[in-house]
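> Please find one structure pasted underneath; my questions will follow.
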Amino acid sequence: MTEEKRPIGVPDLSLVVLVGTTGSGKSTFARHHFLPTQIVSSDVCRGLVADDENDQSATPDAFDVLHYIVGKRLAAGRLTVVDATNVRSESRRSLIALAREHDVLPVAIVLDVPEGECARRNAQRPDRAGMPDHVIPRQRRELRRSLKSLEREGFRKVHILRGVEEVEAAEVVTERRYNDLRHLPGPFDIIGDIHGCRSELETLLGKLGYAVRRDESGRPVDAAHPRAVRRSSSATSSTAAPTAPGCCGW
């Protein structure tokens with residue numbers, strides 16, 4: 001029987017923040033759903049600065065590197081995935097600030113995997129064999145406290161995957177942003193503030209070559225250009241003016 005997939009919507013330009021305890025499968029999830037170049041891993045950054053991905057003393061410098069890379073990718077308009085535990089609000093706050101700085105939507109994907117499963121996975125990894133027993137329970141408590149606050153923190157989308165089955169059934173689907181209009185062909189006429197000046201607008205449209213369409217009462221309701229030029233107003237269409245209602249349909 002084929003397992004039903006669970007679609008996870010992610011804007012095609014966003015900062016995806018993975019949230020989960022050590023051993024929850026964040027790195028595996030990231031590699032399965034995203035390009036290697038899209039993933040910025042705290043472990044890899046720790047290795048870059050200390051030659052040891054598990055050297056916790058290098059964590060501050062590692063996150064300086066992580067934030068730098070994330071910022072450069074977002075500035076270039078690249079979808080970016082942060083592979084780190086991110087169970088503490090302080091860690092997430094700096095990432096949300098980075099997303100806002102670059103006008104990018106932050107998205108949280110939470111891997112809420114049982115503590116026992118995370119411990120079992122870590123026990124199978126030689127590099128994690130010496131991890132203190134209290135680490136996973138502590139991270140788990142921090143994760144549980146975070147679940148209800150992620151949207152309030154500023155994440156525009158929050159996907160919570162509970163248990164191994166939901167994690168394995170997830171399927172990341174990139175979505176075009178509502179303000180991404182690159183698929184619309186030009187040319188374009190961008191008309192500035194109208195402010196209820198309907199007669200002036202009609203005159204301008206006529207000079208630009210538009211044919212005004214009127215309703216049964218002779219009122220203008222639309223305009224079309226023979227060259228399929230797209231018309232857009234850059235600001236307010238109607239304000240306090242005698243013919244303001246007549247501008248609302250434009």
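> Does any residue in segment 74-94 that is closer than 20 Å to Asp112 by Cβ come within less than 6 Å, Cβ to Cβ, of a residue that is outside any helix (DSSP H, G or I) and not aliphatic (A, V, I, L, M) six or more places away or on a different chain, and which pairs are these?
Val81/Phe34; Asp83/Ser41; Arg92/Asn86
> Looking at the structure I just gave you, is Arg121 in contact (Cβ under 8 Å) with a residue 24 or more places away in the chain, of a type in the set (Lys, Arg) and either closer than 24 Å to Glu168 by Cα or in a helix (DSSP H, G or I) (or both)?
yes
> Which of (1) within 12 Å of the chain's Cα centre (by Cα); (2) without any contact (Cβ under 8 Å) to a residue 40 or more places away in the chain is the odd one out, the single condition Arg152 does not satisfy?
(1)
> Could you list, in sequence order, the residues of segment 72-93 that are of a type outside the set (Lys, Arg) and under 13 Å from Val16 (Cα atoms)?
The initial filter retains those residues of segment 72-93 that are of a type outside the set (Lys, Arg), namely 74-77, 79-87, 89-91.
Matches in segment 72-93: Leu74, Leu79, Thr80, Val81, Val82, Asp83, Ala84, Thr85, Asn86.
> Answer with yes or no whether Ala108 is farther than 30 Å from Arg152 by Cα and either buried (at least 16 other Cβ atoms within 10 Å of the Cβ) or over 18 Å from the mean Cα position of the chain (by Cα) (or both).
no
> Filter segment 42-68 down to residues that are out of contact with any Asp or Glu (no Cβ under 6 Å at 6 or more places or on another chain) and not in a helix (DSSP H, G or I) and give me whichever is nearest to Val87 (Cα to Cα).
Asp55
> Among residues belonging to segment 148-174 that are among the charged types (D, E, K, R) and exposed (fewer than 14 other Cβ atoms within 10 Å of the Cβ), point out the one that is farthest from Arg92 (Cα to Cα). Can you show your working first?
Looking only at segment 148-174, we keep the residues that are among the charged types (D, E, K, R), and these are 148, 151-153, 156-157, 162, 165-166, 168, 171.
Filter once more, so that each one left must be exposed (fewer than 14 other Cβ atoms within 10 Å of the Cβ): 148, 151-152, 162, 165, 171.
Working: Lys148: 14, Glu151: 12, Arg152: 12, Arg162: 20, Glu165: 26, Glu171: 23 Å.
Result: Glu165.
> Something else: Quick test for you: out of Ala84, Ala76, pick the one residue that is closer than 30 Å to Tyr178 by Cα, among the small types (Gly, Ala, Ser) and either outside the structural domain of Glu171 (by TED's automatic domain parsing) or under 15 Å from the mean Cα position of the chain (by Cα) (or both).
Ala76
> Can you pull out every residue in segment 135-170 that is of a type in the set (A, V, I, L, M) and either outside the structural domain of Leu18 (by TED's automatic domain parsing) or not in a helix (DSSP H, G or I) (or both)? Working first, answer last.
We begin by selecting, within segment 135-170, every residue of a type in the set (A, V, I, L, M); these are 135-136, 143, 147, 150, 158, 160-161, 164, 167, 169-170.
Passing the criteria: Leu147, Val158, Ile160, Leu161, Ala170.
The values are calculated or read from the model by the stated rules, or taken from the named source; none is laboratory data. Not measured: the values here are computed from a predicted model. Neighbour counts are summed over all protein chains in view; Cβ atoms, including those assigned to glycine, are modelled from backbone coordinates with ideal geometry.
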